[in-house]
Amino acid sequence: MPSEPAKKPPAAGLEYCELCRHHHDLGRRHRYGRNHRDKLGAALPRFRSKLSDLRRALLHGSPSSQPPRPHLWCPFCSIDLVDLDDRSPCSNAIYHLASGEHLKGVKDFLRKHGGGMDQVDSLRISEDEVAKWEKGCESLSTGAKTGTEELIGPSLGPMKDIQNESTCDNSDTFARTNIPSFSNTASYVVMPLQNPTNGAYHPISTECHGAFGSGNASYSAPYGTVGLPITAWGSAETHKQQGVLSTNCFHGTGPEMNGHQPTIPGNGPRPLISFAAHVQQSHSGGNLSCGPKANVHTGAPPPWLKANEHDPNNLLLRSCGAPGEGKSRKLNPKRVGAAWAERRRAEMEMQKRGEFVPETSDSSWLPNFGGVWQSGTRKESKKDFEKTLELHDKKSNHELSLEIKPYISKRMVNAISQSLFHI
Amino acid sequence: MGSALLPTLRQKREVDAAIRDTLDKVFVLRFGRAEDAACLHLDDILAKSSWDISKFASVALVDMDSEEIQVYIDYFDITLVPATIFFFNAHHMKMDSGTPDHTKWIGSFSSKQDFIDVVEAIFRGAMKGKLIVSCPLPPERIPRFQLLFKDV
C-alpha cells in the first residue's frame, strides 16, 4: 500500500507582526526567525532605557542628562502616554506602567513575540516604586510650603518653572509673612514666557541690573532672576516696590532704589527674593519702559526682537546682510546661461552707475537658438543662418544695383555715331 | 494691439533688449497676430497668468507683421501662428511635448494652469542646466500640427 503523503499542517492564515511590520503565514514559527529576533532584541532594550530614565529622574530624584519625556509610547499596550498636567510630569506614564493593564499587555506581548517571561518585571514599574514616588511628590509640595516660613527668602531652585504650583505658593507666603504691605499683584500677573525653561542659560541683560548697581555683576542666578532685597526696604519703600512690580518698571525708581539699595553680591549675606513675575521681567530687555504694560494688545514689539536689537552678536549678523537676501543670490552656478547672466548683470550695474559700457550688441545680434532642423551645435546653426542672411542680403543688393536700360540696336548705334561725325 | 497688460514688441532692438535684460527668469515670447482667434485666446491666457508667474517668468508679445521682426521669423523658423518661444538668460529653451517641433509651442493652451505648468517645467529645467525639458502636460492637451520640411 502506498503510504499516504504526509498531511501538511493546515496553512496558517495571514498574520501581521507589529515588530517586523509585515504580514506572514508562518504562524508561531515566525517568532523564531532571525529578523524577528533582531527586532525584538532592539525593541526591548530601547523601552527599558526609556523606563530607566523615567525611573531615575522621577523616583530617585537624581538629575538626568535629559528632562523627562513629555510623552512615552507603550508598545505593549499600543498607547501614547501623554502628560497633560505639567505640575506632576510623567504621572500618566508612571501610573500606566504600574497598572495591571500594562502587566497584562507585557505578558501578552512576550507570549506572542517571544523573549522570555522573566523580563516582565524589567518592563514595568512596581507598586513599591509608585508608592515611593507619590511620597516624594507629597513631601516636595509640603516641604516647599514649610521651607519658606523659616527662611527670609527662598532658594532660587523652584523658581525655574514659573508654572510650578509651589512657586506661586512661595510668593503668596512671602506676602503673608514678610511683607505685609506687599501687593500680590505681581504674582497674579501672567506674562508670556520670555526665557526658555528647558535648562538653557542666557546672560542677564545689563539694563535690568542697572538700578541695582555694579554689585550684581557676580550674580549668577539661572534664568536671570532678579532679586529684590526685603530687609533693606522699609515699609515706605514697599509701596514704591509695589508700584514697580505692578507696572513692570525698574528704571522708574532707579535713583531711589540706588540710594536705598546697597550693592548686593550674589552670595551675600542678604538673601534675595525672586518672583515668578521677575523671572519674566528680567529678560524683558527693552521692555522695561515705564507706563502701561508693553504687550501684544498695546502693539509693542515682541521681547525677543528687542533683545536681539541690543544683542551685539546680532548686530554683527545683521551687518552681514539678511539671510534671505543671501539665499536668493545663491543661484545654481550650473543653470542655463549662468555666465551670461553674471556678465550682463555687471554690465547693467555699470550702466546704472553711469560708467561707459562697451557696446556688445548690434543690430545683427541673435540669441542662442537651436534650429528646428538643427544638425549640429547651436553655434553652427546660428552661423549657417547668418551666412544665408548675408547671401540673401547680397542678392538683394545685387538686384538693386542692376539698372534696366532700354535695348539699343547696332543700326541705331551706327546712325547716332554718323550723325555726330557729320556734325 | 495685443494685450493691454503685456508689452508688444515691434522692433528687433526691442526684442533683443527684452531677451538680453531678462536675467534668471524664463522669458516667454509669443509670435502672432492680434486679429487671429487663436492668438487672442493665447494672449488672454498669457495676460491672466503673467502675474502668477512674475517671480520666475516674464511675457512679451511680438507682432509678426512688423518688418524688422522678419529676421526673427526666419531665424526661429516660424510658420504656424501663434508660436511661443521660451528663453532663459538669452538661451533658447526647448521642450519635448511629443510634437515634431521642440523649439516652440504652437497654438494656444487649454487653461491657465497648463501654461503655468509648462513655464514652471522650463524654469526648473533651466535652473538645473538643461536646455531641453519634457512637457508636463498630457498628450490630449497638447495641440497637434504637421510640420513640413521646405514644403515637402
Subject >> DSSP bridge pairs, chain B: antiparallel proportion in percent, nearest 5 >> reply: 50
Original post:
Among B:Phe31, B:Phe123, B:Ala17, whose Cα sits farthest toward the positive end of the charge dipole of chain B (+1 at Cβ of Lys/Arg, -1 at Cβ of Asp/Glu, about the Cα centre)?
Top reply: B:Phe123
**OP:** Give the order of B:Ile142, B:Ile85 when sorted by the count of other beta carbons within 10 angstrom, beginning with the fewest.
**Re:** B:Ile142, B:Ile85
Subject >> Long-range amide H partners of B:Lys94 with built H, under 5 Å >> reply: B:Ile132, B:Val133
Subject >> Burial ordering of A:Lys394, A:Lys107, A:Lys410, B:Lys12, fewest other beta-carbon atoms within 10 Å first >> reply: A:Lys410, A:Lys394, A:Lys107, B:Lys12
Subject >> Rough spin-label spacing in nm, given labels placed 7 Å along Cα→Cβ, for A:Asp128 and A:Ser49 >> reply: 2.7
**OP:** Rounded to the nearest 0.05, what FRET efficiency do A:Met350 and B:Ala38 give with R0 = 45 Å and r taken as the Cβ-Cβ distance? Could you check?
**Re:** 0.60
Original post:
When the Kirkwood hydrodynamic radius is evaluated over all pairs of different C-alpha atoms of region B:8-134, what value in angstrom, to one decimal, is obtained?
Top reply: 14.4
**OP:** Please go through region B:4-73 and write out the GluC sites (Glu not before Pro) that DSSP classes as loop and that have at most 12 other C-beta atoms within 10 Å.
**Re:** B:Glu35, B:Glu67
Subject >> Pairwise centroid distance, computed over Cα atoms, of region A:98-123 with region B:5-63, Å >> reply: 71
Original post:
What ranking do B:Tyr72, A:Tyr407, A:Tyr16 get, fewest neighbouring Cβ atoms within 10 angstrom at the top?
Top reply: A:Tyr407, A:Tyr16, B:Tyr72
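Read-outs: derived from the displayed coordinates by stated rules, not from any lab. Note that the structure is predicted; figures quoted are calculated from it, not measured. Every residue, glycine as well, gets a Cβ built from its backbone with ideal geometry; the counts of neighbours run over all protein chains shown.
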